[in-house]
Structures are given as C-alpha cells and as structure tokens.
1. Could you work out the longest stretch of the chain that avoids the trypsin sites (Lys or Arg not before Pro) located in DSSP loops with at most 14 other Cβ atoms within 10 Å?
2. Could the peptides 222-229, 55-62 be put in order, highest first, of the mean number of other beta-carbon atoms found within 10 Å of their residues?
3. So what's the net charge close to PHE265: Lys and Arg +1, Asp and Glu -1, counting the other residues with Cβ under 11 Å from its Cβ?
4. Given the -39500 (n - 2.57) contribution per DSSP H run of 4+ residues, what per-residue ellipticity at 222 nm results for the chain, rounded to the nearest 500 deg cm²/dmol?
5. Pop out the ³J(HN,Hα) list for segment 45-59 in order, Karplus 6.51 cos²θ - 1.76 cosθ + 1.60 with θ = phi - 60°, rounded to Hz; leave Gly and Pro as x.
6. Please return the longest stretch of the chain lacking exposed loop sites, where GluC sites (Glu not before Pro) count only if DSSP places them in a loop and at most 10 other Cβ atoms lie within 10 Å.
7. In a Gaussian network model over the chain where Cα atoms closer than 10 Å are linked, find which of TYR174, TYR43, TYR196 has the largest mean-square fluctuation.
8. To the nearest Å, what is the center-to-center distance of segment 183-216 and segment 22-74, using C-alpha atoms only?
Amino acid sequence: MIGFDKIRAIPKSSVSLAIMLSLLSLVFFDLMGLVIKRLSSDYSAAELSAYRNIFGLIPSIIVLWSSHVWHQSGRRLHVRQWVLMGVRGLIVTFAQLMFYSSLSLIAFANATTISYSSGLFMTAFAVLLLGEHVGRIRWTAVLIGFIGVVMVMGPGRETFTLASLLPLAAAALYALTGVTARLIDKEVPSALANLYSTGFAVLGSVGLALLLGGFSPLQSPLDLAWIIAMGGFGGTAVLLLIVSYRMTEQSNLAPFSYFGIPMAFFFGWLFFDEVPLQDLFPGAILIAGGGLIVIWRDRRRNSMS
C-alpha cells in the first residue's frame with residue numbers, strides 16, 4: 001500500500017466523505033480490472049502492465065506536485081535509497097504481471113477476492129522484515145483469512161486450476177511493496193517515493209513486455225480508447241485513494257476496502273456473466289473477517305498506546 005504525507009487534521013464530519021471517496025476508488029479499480037480482462041484476449045498481461053504504468057506516471061506527477069511536504073523540502077528529486085525504490089517498482093511489475101494474467105484465466109470476482117489476502121501477507125512480512133511482534137489474536141486472524149483464500153481457490157474442485165495461484169502470488173508481492181515502504185527514510189516525501197517506484201515500474205514492465213514477445217499492434221482505435229480508459233480508471237482510483245487518505249486516518253478506511261469483494265462479484269456478473277457464488281462463499285467472508293480482525297487489533301493497540 002502506498003504511504004502518503006501526513007497533513008493537518010480536519011473535522012470529523014469529513015470522515016464520511018473520505019469513506020465515500022475510498023469506496024469510489026474501489027469502483028474505479030474494478031473498472032480498470034474489467035478493461036484489463038476485456039483486452040487480455042488480444043494483449044498480453046505484460047503489455048497491459050506497461051500501458052498501465054505509463055499512464056500511472058500522470059497521477060504520480062500530479063501527487064508529487066501537490067505535495068506540500070515536497071515543496072517545503074525544496075522540491076528535491078534526489079533520494080539516497082534509490083535502489084530500494086527500484087526494487088519496489090520491480091516488485092510491482094511482477095505483481096501486476098501475475099494479477100493481470102489471472103484476470104484472463106479465472107473469474108474476475110475470484111481473482112479480485114483472492115488478491116484481498118494482501119493485508120494478511122503484510123502481517124507476516126512485518127514480522128520477517130521489520131521485526132514486529134504479532135500476538136496470538138493477529139496470527140489467528142491471519143490463519144482464518146488464509147483458510148478463506150484456500151476455500152476460494154478451491155483445491156479439489158473441478159473448477160480449480162493453477163491459475164488461482166497467480167492472484168495469491170500477486171497479493172504477496174503487493175504486500176511486500178507495502179511493508180518495504182516503511183523502510184524508506186522518513187525525510188523522503190512519500191509522493192516522491194511513489195514517483196520513483198512508478199518510474200521503475202514503467203522501466204520494468206516495458207522491459208518485461210519486450211522480453212516476453214514485444215508489443216502487439218493495436219487491433220483498432222477502440223482498443224486504444226480502452227487502453228486510455230484503463231489508465232484513466234487506474235489513475236483516478238489512485239487519486240481518489242490519496243484524497244481519502246489525506247482526509248482521515250487509514251484505519252478508518254481499511255474496513256471498507258472489503259466492500260470490493262461484492263463489487264467485484266457484481267461487475268463480473270454484469271459484464272462477463274460470471275456467477276461463481278459457490279466458489280466465493282464462505283471463503284470470501286473468512287478473508288474479510290480475518291482482515292477485519294487484524295484491523296481491529298491494530299486500532300485497539302494504537303488506542304492503548
């Protein structure tokens with residue numbers, strides 16, 4: 001998850017607006033995924049990842065330019081940990097490759113639901129990389145969540161394929177970018193760190209696309225419009241998420257992120273006539289439940305500190 005610069009507190013009445021914006025960002029993320037699934041029959045996941053990152057530079061630049069902290073620091077562009085930034089960008093590249101590939105191979109709602117296990121991976125990575133202490137309650141929550149992931153993946157069912165492992169691997173990589181963001185020097189504005197990571201993701205995804213066969217000729221002007229829309233949906237989602245995070249604490253928004261699961265089910269049914277109800281439940285409930293327990297435990301610990 002991307003970290004953002006702390007800003008001055010605003011009235012509590014804005015929390016509801018922040019929640020609305022965060023939910024709207026989920027809609028735009030799902031719309032991006034729907035476009036990716038539509039285009040995946042003609043363009044590889046590596047190509048779509050490259051296009052997504054190229055368009056992703058636009059919101060990254062907007063966020064950097066609007067960052068008060070960056071302007072206060074003299075609009076500096078140099079960072080000491082550029083290698084870490086580069087590694088994070090490359091991790092995003094492979095995460096996108098796996099998740100975008102999964103969208104072309106399994107049901108949209110299944111791939112999206114499994115990807116929500118990233119929050120559970122972050123708990124484990126925080127222990128391994130940051131040395132955080134995790135108690136029995138949070139480990140129990142992680143276990144519940146992973147049981148839910150396994151149920152959605154459905155090993156043993158006729159519908160199970162190895163492609164179900166792709167969104168799981170993507171979730172682990174996305175979680176890794178979230179945890180490693182906390183290793184970045186505190187004096188580096190998060191908007192600048194985000195721009196570096198996005199820039200390296202562009203280089204990585206373009207290089208990967210060229211390595212895996214290059215870029216396919218655009219099939220039609222309509223496909224170009226869809227590609228632009230894909231970038232627009234993703235960029236809008238990022239900007240909405242940034243605004244919502246600046247309006248209230250992330251812990252106030254995190255529980256609502258799991259509304260993305262029924263949203264993904266609805267969009268998959270509406271646009272692709274997918275109704276994987278027997279695959280999603282009750283596993284999706286366990287994934288959301290495990291994540292909510294982790295969030296509740298973190299908020300309780302912070303309120304006591």
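1. Details: sites that count: LYS6, ARG8, LYS12, ARG75, ARG76, ARG80, ARG157, LYS186.
It works out to 187-305.
2. In decreasing order of mean packing, 222-229, 55-62 become 55-62, 222-229.
3. Values: positive: none; negative: ASP30, GLU274, ASP279.
Result for the local shell: -3.
4. Numbers: 14 runs with 223 residues, N = 305.
Value at 222 nm, helices only, nearest 500: -24000 deg cm²/dmol.
5. Those phi angles translate into 4, 5, 5, 5, 5, 4, 4, 4, 6, 4, 5, x, 5, 5, x Hz.
6. Values: sites that count: GLU158, GLU187.
That gives 1-157 as the longest site-free run.
7. TYR43
8. 12
Quick note: the coordinates plus some simple rules give every number you see, no bench work behind them. Predicted model, so just to flag it, every value in this text is computed and none were measured. Every residue, glycine among them, receives a Cβ derived from its backbone with ideal geometry; neighbour counts consider all protein chains shown.
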